[in-house]
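K.L.:
Dropping the structure in here first, questions after.
The values are calculated or read from the model by the stated rules, or taken from the named source; none is laboratory data. Note that the coordinates shown come from a computational prediction; the quantities given were computed from them, not determined experimentally. With ideal geometry, Cβ positions are generated from the backbone for all residues, glycine too; neighbour counts draw on all protein chains shown.
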Amino acid sequence: MVRIIGGIARGRRLSVPDGPVRPTADRVREAIFNVLEHRLGVAFEGARVLDLFGGAGTLGLEAYSRGAATVCFVEQDARIAAALAENARRVDAAAGDRLRVVRRRVEAFLAGEATPFDVVFIDPPYDAGLAGPTLEAVLRGGWLAPGGLVCVEHRAGRPPEAPENLATVFERRYGDTGVTVFTQEPAMRVALYAGSFDPITNGHVDIVHRSLKLFDRVVVAVACNIRKTPLFSDEERVAMIQEVFAGEDRVEVTGFSGLLVDYAHQRGFRFLIRGLRAVSDFEYEFQMASMNRRLSDQVDSIFMMTGEDHFYLSSSLIREVAANGGSVAEFVPPTVEARLRARFQR
């Protein structure tokens, strides 16, 4: 038997089924939660907790006793999962889905659709070599909320290596047990600015420069739409924009095809930059942003008003002026003006 050592269920005893179950010892659990709450400032009140390799459920149930709003336990063994569910009922018989036991292999669970958690506990069998791969799967799958923590139990002296974007914030040995806590390093703020850019205008360039004041990087994505016949090919448009931003290492230029929201998912973008010139633009962009939100609630659109010097510019208008021999030098970057002049002279 083990017991809850803190919170509203303090002293409640939990059963440990026979078999390959190694519940976290009371003194180690007390040390872990002292570190999380008092040293690292974790507020369990209202937190979402994921307990992987649940076993008897001691870590997740301890978090629930201390105020966690929900705890999801993942345990593949049917008999152990049944005992875990019984322990959850002992702690709070009325918890319902707030204490959820998922009988599944951890790797299969983490391969599914992610729900971010504030605290993730990983306590696999010490000699199974699962701590490192599980830690990577948690991060790669988006299971850790921004600013969240991952607490890993492992054999003393053998902590898992921190994947990219995770930083070690605590490491301690308790007899044969080692405990390492990781946190997600502040993610670089990257925005996606997509369009046909046929050709790119000074209005587009202005949006990119202003976006760089809000984000660490901006990716300019040229839409490759097979249903349209652009003046410049996909490769030409990408090359033009690369020339325009040749001196700005925080701007990446690429091409894409298909749904914008799918491309954003593939690259891990959360923010889409959209420029607005007039009320008619807003109506269209509002419709597109609403559809994108229906397709994915992980992607948000950020609208930026075009600068007052460029609000009347459009790629189609530039093409028309250039095609009829007019000068567009003041409306587009020099490299674009040269390409337009060469194209229509031919």
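K.L.:
Can you run down the residue pairs with Cβ atoms below 7 Å, 6 or more apart or on separate chains, where the first is in segment 222-243 and more than 13 Å from ILE200 (Cα to Cα) and the partner is surrounded by 11 or more Cβ atoms within 10 Å (Cβ to Cβ)?
P.N.:
Close Cβ pairs satisfying both conditions: CYS224/ASP234; CYS224/GLY255; CYS224/PHE256; CYS224/SER257; ASN225/SER196.
K.L.:
Hey, can you tell me all the residues within segment 96-119 that are among the aliphatic types (A, V, I, L, M) and out of contact with any Ser or Thr (no Cβ under 9 Å at 6 or more places or on another chain)? Break it down into steps so the answer makes sense when it comes.
P.N.:
Taking segment 96-119 as the starting set, the residues that turn out to be among the aliphatic types (A, V, I, L, M) are 99, 101-102, 106, 108, 110-111, 114, 119.
Selection gives VAL101, VAL102, ALA108, ALA111, ALA114, VAL119.
K.L.:
Could you go through segment 243-251 and let me know if any residue there is modelled with pLDDT under 85 and over 23 Å from GLU308 (Cα atoms). It would help to see each step written out before you state the result.
P.N.:
The initial filter retains those residues of segment 243-251 that are modelled with pLDDT under 85, namely none.
Checked against the condition, which is being modelled with pLDDT under 85 and over 23 Å from GLU308 (Cα atoms), segment 243-251 yields no hits at all.
K.L.:
Still on this model: Any chance segment 225-246 includes a residue that's assigned by TED's automatic domain parsing to the domain that holds MET305 and within 14 Å of LEU192 (Cα to Cα)? First the steps, then the outcome.
P.N.:
The initial filter retains those residues of segment 225-246 that are assigned by TED's automatic domain parsing to the domain that holds MET305, namely 225-246.
Remaining after also requiring within 14 Å of LEU192 (Cα to Cα): none.
Among the residues of segment 225-246, not one is assigned by TED's automatic domain parsing to the domain that holds MET305 and within 14 Å of LEU192 (Cα to Cα), which makes the answer no.
K.L.:
Then there's this: Can you name the number of the only condition in (1) basic (Lys, Arg); (2) in contact with a strand residue (DSSP E or B) (Cβ under 8 Å, 6 or more places away or on another chain); (3) at pLDDT 90 or above that LYS213 fails?
P.N.:
(2)
K.L.:
Let me ask something additional. Does any residue of segment 182-192 turn out to be more than 30 Å from PRO124 (Cβ to Cβ), surrounded by 19 or more Cβ atoms within 10 Å (Cβ to Cβ) and among the aromatic types (Phe, Trp, Tyr)?
P.N.:
Restricting attention to segment 182-192, the residues satisfying the condition of being more than 30 Å from PRO124 (Cβ to Cβ) are 188-192.
Next, from what is left, pick out any that are surrounded by 19 or more Cβ atoms within 10 Å (Cβ to Cβ): 191-192.
Next cut, among the aromatic types (Phe, Trp, Tyr) only: none.
Within segment 182-192, none of the residues are more than 30 Å from PRO124 (Cβ to Cβ), surrounded by 19 or more Cβ atoms within 10 Å (Cβ to Cβ) and among the aromatic types (Phe, Trp, Tyr).
Quick grid of which residues meet (1) of a type in the set (A, V, I, L, M); (2) in contact with a strand residue (DSSP E or B) (Cβ under 6 Å, 6 or more places away or on another chain):
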site: VAL205; (1), (2): yes, no
site: ILE273; (1), (2): yes, yes
site: LEU276; (1), (2): yes, yes
site: TYR284; (1), (2): no, no
site: MET291; (1), (2): yes, no
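K.L.:
Which residues, taken from segment 93-106, are charged (D, E, K, R) and at pLDDT below 95?
P.N.:
Start the filter on segment 93-106 by keeping residues that are charged (D, E, K, R), which leaves 97-98, 100, 103-105.
Of everything in segment 93-106, just one residue is charged (D, E, K, R) and at pLDDT below 95, namely ASP97.
K.L.:
Could you grab me the full set of residues in segment 281-304 that are of a type outside the set (Ser, Thr, Tyr), within 27 Å of LEU231 (Cβ to Cβ) and exposed (fewer than 14 other Cβ atoms within 10 Å of the Cβ)?
P.N.:
Passing the criteria: GLU283, GLN287.
K.L.:
Identify all residues within segment 195-249 that are in a loop (DSSP other than H, G, I, E, B), at negative phi and of a type in the set (A, V, I, L, M, F, W, C); write none if there are none. Don't jump to the end; show me each part of the working.
P.N.:
Here is the first cut: in segment 195-249, the ones in a loop (DSSP other than H, G, I, E, B) are 196-201, 212-216, 224-233, 245-249.
Add one more test, that the residue is at negative phi, and what stays is 196, 198-201, 212-216, 224-233, 245-249.
Correct list: ILE200, LEU212, LEU214, PHE215, CYS224, ILE226, LEU231, PHE232, PHE245, ALA246.
K.L.:
Run down GLU308, GLU285, GLU252 and say which single residue is under 16 Å from THR201 (Cα atoms) and among the charged types (D, E, K, R).
P.N.:
Numbers: GLU285 fails: under 16 Å from THR201 (Cα atoms); GLU252 fails: under 16 Å from THR201 (Cα atoms).
Step by step, each of GLU308, GLU285, GLU252 is checked, and only GLU308 is under 16 Å from THR201 (Cα atoms) and among the charged types (D, E, K, R).
K.L.:
Next question, about the same structure. Kindly list the number of the only condition in (1) of a type in the set (S, T, N, Q); (2) over 28 Å from ALA114 (Cβ atoms); (3) surrounded by 12 or more Cβ atoms within 10 Å (Cβ to Cβ) that fails for ASN324.
P.N.:
So ASN324 meets the others, but not (3).
K.L.:
Could you give every pair whose Cβ atoms fall below 9 Å, whose first residue belongs to segment 326-346 and is under 18 Å from GLY203 (Cα atoms) and not assigned by TED's automatic domain parsing to the domain that holds LEU313, and whose second residue is assigned to a loop (DSSP other than H, G, I, E, B) and among the charged types (D, E, K, R), counting only separations of at least 6 or pairs across chains?
P.N.:
Pairs that qualify, where the first residue is under 18 Å from GLY203 (Cα atoms) and not assigned by TED's automatic domain parsing to the domain that holds LEU313 and the partner is assigned to a loop (DSSP other than H, G, I, E, B) and among the charged types (D, E, K, R): there are none.
K.L.:
Still on this structure, I have one more. Among what's in segment 160-185 and is more than 18 Å from ALA25 (Cβ to Cβ) and in a loop (DSSP other than H, G, I, E, B), pick the residue that is modelled with the highest pLDDT.
P.N.:
That would be PRO160.
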